[in-house]
Every structure is written in structure tokens, then in C-alpha cells.
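Written out below as C-alpha cells is the structure these notes cover.
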Amino acid sequence: MRGFTMGNQLTHKLASLFAILIPVLLAISVFHPKLDFGLPKISYGIDLVGGGQIILQIDSQAIEAREIQALAQFFSQSHQLNREASVTDALVFEGGGMHPSVSDELINQYPTLKLSQTPTGVVVSGLGGHITAKTGEAVVENIATLRTRLNALGVADIRVYRQGSDKVVVEIPNGHEMERIKSILASSAEIGFYQAVMPEAGVMLSYQGNPVVRNHTPIASGQSITKAVATVDPSTGLPVVSIGLNATGGQKMGRFTKDNMGQPIVTTLTDSDYAFSGKAGDAPVRKVTEKVVSVATVNGQFSDSFIITGLGSLEESENLALILRSGVLTVPMYIVSESSIDSRLGAENANQGFRAFAIGLFALALYVIYLYRMRGVIAIFTLVLNAAFIVIALSVMGASFTMAGLAGIILTMGMAVDANIIVIEREKELFGKTTTPLADSFKSSALPILDANVTTLLVAVILYNVSSISLKGFAITLALGVVCTVLSSYFMNMYFSTAWIRERSNDLEPAQSRPS
């Protein structure tokens, strides 16, 4: 640290000032609407601005039933094997002879499953891992569908993200109809168009008090819909939904209407509802309901464009059209938690949080500067730099700034100053024992500072993986704070010290130990 000329020292000091100023300006810019330095603006959590939070969970039982049914159809249709039993993480199929190619076909379609042949059939194992993988895929696909639905509603500044392996969190700012949003988010409504058949050949339903029997296989389903618009029928004044089908669905509908002039076509709407027992650990019971929304007579051929009637109110028609446009959920979901915060309470939380940060930093600055003078000033600069680094990292990651995150920054400030004090106290111990106590203090403090921050990082990682969604922001900020603390309180501290502190400076002595 010796050997600096006066010109080099001045350059070093100016560079150190810019090293503080630039990150602080970048951090301010992510909050300030008129400052733009290329970083994405940080979004506030609903606990700071108010709004609602809805947590939805994938129906794991529905995934398991769907995958088991798909396997049963695979072996039944292709290899004449019937499911006989289920054991832990495995299915047993028995029947006639099995073609040698079944193993290759199974691996191609279900790469995570394992097949073991028995004298009378096969045993398929690895079902648990397969369902876990399918659950992850369903969460990703459902998130995309939920975002499409919310965008169609015109809800701005929404956040939809994954929590754990089977949950999705939706955060919605104030000013929106929460009840309508809840019904649309959790809806697994699916429409189907069926041929009316004789009672013994189909599924019995009721329409306006009269029995209606639909075929088992639909002519076209919701998966074929490319357009759905709610409107009002000018001739009746009743709400309807105008439907547009893709090429495949249009061809099927065109053939059916051509061959079945004068015959009824049944339109049904299927949805799910969940009943909770109230006991902890009990999975909700899913109830699937199917209702007939219309029974129309085919008076002429049509294919990819027609209307649906009998949908009730205009709002119900608009909701259905929105759901049909956005597509059905890959797997049904149900709401497990919901909360809301008033905007005034959110603003109060924000004010109190920022006030606590400012007061805490000011009180810490007074104490440290009084005790360590110039080294205390450098310590406070590194704390400000630490907070700026954390805010910049949150902006780049696209994370929300929450009350828990602010608490993590405040806690980080308290821990980060310890790293500065370790270096200062170590330098005092080395004063008079070595010719370069300032440089040696950083060398001897590196391992204790690293050890302390690594243990905190482990705690943050554990907290993130086991905590609720409200604490994950705290864990993320704490983990970022650990990394930023090492960067600012050690490396940047060393850089600032070489610029502003002379080796063997008397400024290192505490204020109370100096002669008056």
C-alpha cells in the first residue's frame, strides 16, 4: 500500500468516489420513474402497495388418475394386457402374450418408467417419479394459461410464479374484482359438442327438466376452439358466445352437420369444484359437474363458425369466452390460500419500513463514525454500497421488493458492519507488531469474514426451501446480502482504505482512547 505518488493517490480517491456513486445512482434509478440507466424497474410486493394474493395447488390426484388411465389404455389397446393391481410406486398388468417391442414403445412414451416382465404380464415401476415429473410440466403449462387469462382480463402489473413443486402464486394489485378473478383462475371449464343418442348408447344428462343423452365421444371439444367472443343475439337480446374452430375441429363439425340434418346437437359445459373437509392434511374432494347449455337442431351445414346460446348472464358469457380463448388448464387447480392488503395499509408498511431503514443506518453511522472516525466513514460507505448492490441484484432478477425483503436488507446492514469492525479491530491488534498493519489486517480477517457469511448463506438457503411464500423474499434478500457483504465490506472496503487511509494511521484508535 506504499509507493503511491500524490497524483496516483488523487486518481485512486476519485475512482473510489465513482465506485460508490455509480451503484447508488443505479439503485435509485430502479425506484425512480424518471431515471433510466437501463436496469428494469423494480416491482413492489402487495404488502407495500396493497392488493391480493391467491395460491393455487395442482390436483395431484387428477394427475395420478390421468397417467394411470393412459398407461391402462396403452397396454390394453396395444398389447391386450389389463390392469390387475396397484402396489407401491408400481402397476401390475396381466393378460395375453406381450409383443417384444412393448419395452421400446414404453420407453419412448414414458422414459421415466421401468418395465419388468412376469410370466403372465408386466410390472410398471417408477410411477412416483413419473407423476412428479408430470406435475412439474403441468405447473409450467398452467402458469402460461393463467397469465393468458389475466392478460385477457386487462389486469396490469400481475405476478404469476411457481411456489414449490405443485403450487402457483398469483399477486394482483388493488383496483380489480377479486371474486371474478378467483373464479376465472381456478376454472377448469371445458366445452364439448356431442351427438344426441339413444339412452343405452351414451351419458344421461338433464336439460330444462327433460332427459338428454349425449354420445361418449365429442364431435369437437374446447381444444379445437381458436376464437370465442361474448356478444348479444340481436334477435333475442340474450347473451351468446361466438365460436371459431381450428381446421381439424371445423372439418369434423362440417361432416357431422352435413350427415345429420334435422338431428339434435348437444353442447355441454364441464367444470370442477372442490370440497374441503377442514382437517389438516386431508386432500380436498373433487366434484366434476357437467351441464347441458343447449340442445340445438341442425338446420344446415356449418363447420368452423357458430354460436352457443343458453349461457345465462352476459358476465357468465364473457367469463366462458375468456376461458375458452385462453385454453383449459392442463390439470385442474384449486385455491388453497388467499389474502388481501388495503392500499393504505400497504403504503403505511412501506413508509414505516423505509423509515426504519433510514433511522437504523443513521444511528449506526453516528456510532461507528464516533468510534472509528475515518474508518467508520468508510464502513458506512460500504454499507450504503451493500444496499445498492442488493437492490440492483433484485432488479436484474426480476424479484419484487417486499416488506420481508426490506427486513432482509436491514438485517444485512447489521451483519455487514461486523465485517468492517473485524478488520478494524484486527488492525489495532497488529499496530506496532508489523510494518503494514492495514494490509495484514485484511489478510488475517478474510477467513473469519468468509466463515461467518457462509453459515448465514446456508441458513438463507434452508429458509428459502422450507419457508412459506411470505418469507421467501426475506431468504432471497438475505442470501444476496451475504454475497454483497463479502463484496462490499471486504473487497470494496480494502479498495477504499488504500485510497483514503495511510498505513499506520493514528485514525485507527478508538475515540475514547485518544488523548484529549
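The values are calculated or read from the model by the stated rules, or taken from the named source; none is laboratory data. Remember, predicted model here, so these are calculated numbers, not experimental data. Here the Cβ is made from the backbone with ideal geometry for all residues, glycine too, and neighbour counts use every protein chain on show.
Points worth noting:
- Per-region count, region 393-409, residues of a type outside the set (Ser, Thr, Tyr) and buried (at least 20 other Cβ atoms within 10 Å of the Cβ): 9
- Positions within region 302-359 being buried (at least 19 other Cβ atoms within 10 Å of the Cβ), over 24 Å from Glu290 (Cβ atoms) and within 22 Å of the chain's Cα centre (by Cα), in sequence order: Ile341, Gly346
- Applying the criterion of being among the hydrophobic types (A, V, I, L, M, F, W, C) and under 41 Å from the mean Cα position of the chain (by Cα) to the residues of region 286-301, the residue that is surrounded by the fewest Cβ atoms within 10 Å (Cβ to Cβ) is Val288.
- Listed by first and then second residue, the pairs linking a residue in region 146-167 that is not assigned by TED's automatic domain parsing to the domain that holds Val461 and modelled with pLDDT of 80 or more to a residue that is in a helix (DSSP H, G or I) and of a type in the set (Lys, Arg), with Cβ atoms under 7 Å apart and 6 or more places separating them unless they lie on different chains, are Val160/Arg147.
- Residue within region 432-445 that is in a strand (DSSP E or B) and not charged (D, E, K, R) present: yes
- Residue within region 64-80 that is outside any helix (DSSP H, G or I), among the charged types (D, E, K, R), modelled with pLDDT of 75 or more and over 22 Å from Arg162 (Cα atoms) present: no
- Filtering region 361-378 for residues that are touching a residue at least 40 places away in the same chain (Cβ under 8 Å), touching a Cys at 6+ places or on another chain (Cβ under 6 Å), assigned to a helix (DSSP H, G or I) and not hydrophobic (A, V, I, L, M, F, W, C) leaves an empty set.
- Scope region 360-406; condition within 33 Å of the chain's Cα centre (by Cα) and either hydroxyl-bearing (Ser, Thr, Tyr) or under 16 Å from Asp418 (Cα atoms) (or both); matching residues: Gly360, Leu361, Thr382, Leu383, Val384, Leu385, Asn386, Ala387, Ser395, Ser400, Thr402
- Filtered residues of region 379-403 (kept if β-branched (Val, Ile, Thr), over 27 Å from Lys13 (Cβ atoms) and outside any loop (DSSP other than H, G, I, E, B)): Val396
- Given (1) polar (S, T, N, Q); (2) buried (at least 17 other Cβ atoms within 10 Å of the Cβ); (3) closer than 23 Å to Ser188 by Cα; (4) modelled with pLDDT of 85 or more, index of the condition Thr382 fails: (3)
- Residues being touching a residue at least 12 places away in the same chain (Cβ under 8 Å) and either surrounded by fewer than 16 Cβ atoms within 10 Å (Cβ to Cβ) or small (Gly, Ala, Ser) (or both) - total across region 242-256: 9
- Options Ser513, Ser441: the member that is buried (at least 19 other Cβ atoms within 10 Å of the Cβ), at pLDDT below 85, farther than 18 Å from Met413 by Cβ and not hydrophobic (A, V, I, L, M, F, W, C): Ser441
- Arg325 being in the same structural domain as Asn453 (by TED's automatic domain parsing) and among the basic types (Lys, Arg): no
- Considering only residues in region 126-157 that are farther than 16 Å from Leu320 by Cα and of a type in the set (Ser, Thr, Tyr), the one that is surrounded by the most Cβ atoms within 10 Å (Cβ to Cβ) turns out to be Thr135.
- In region 202-225, residue surrounded by the most Cβ atoms within 10 Å (Cβ to Cβ) [restricted to those that are polar (S, T, N, Q) and in contact (Cβ under 8 Å) with a residue 60 or more places away in the chain]: Gln223
- Evaluation of Asn215 against (1) of a type in the set (S, T, N, Q); (2) modelled with pLDDT of 90 or more; (3) farther than 22 Å from Thr297 by Cβ (one fails), failing number: (3)
- Residue within region 119-130 that is touching a strand residue (DSSP E or B) at 6+ places or on another chain (Cβ under 8 Å), farther than 24 Å from Phe74 by Cβ, touching a residue at least 12 places away in the same chain (Cβ under 8 Å) and in a helix (DSSP H, G or I) present: no
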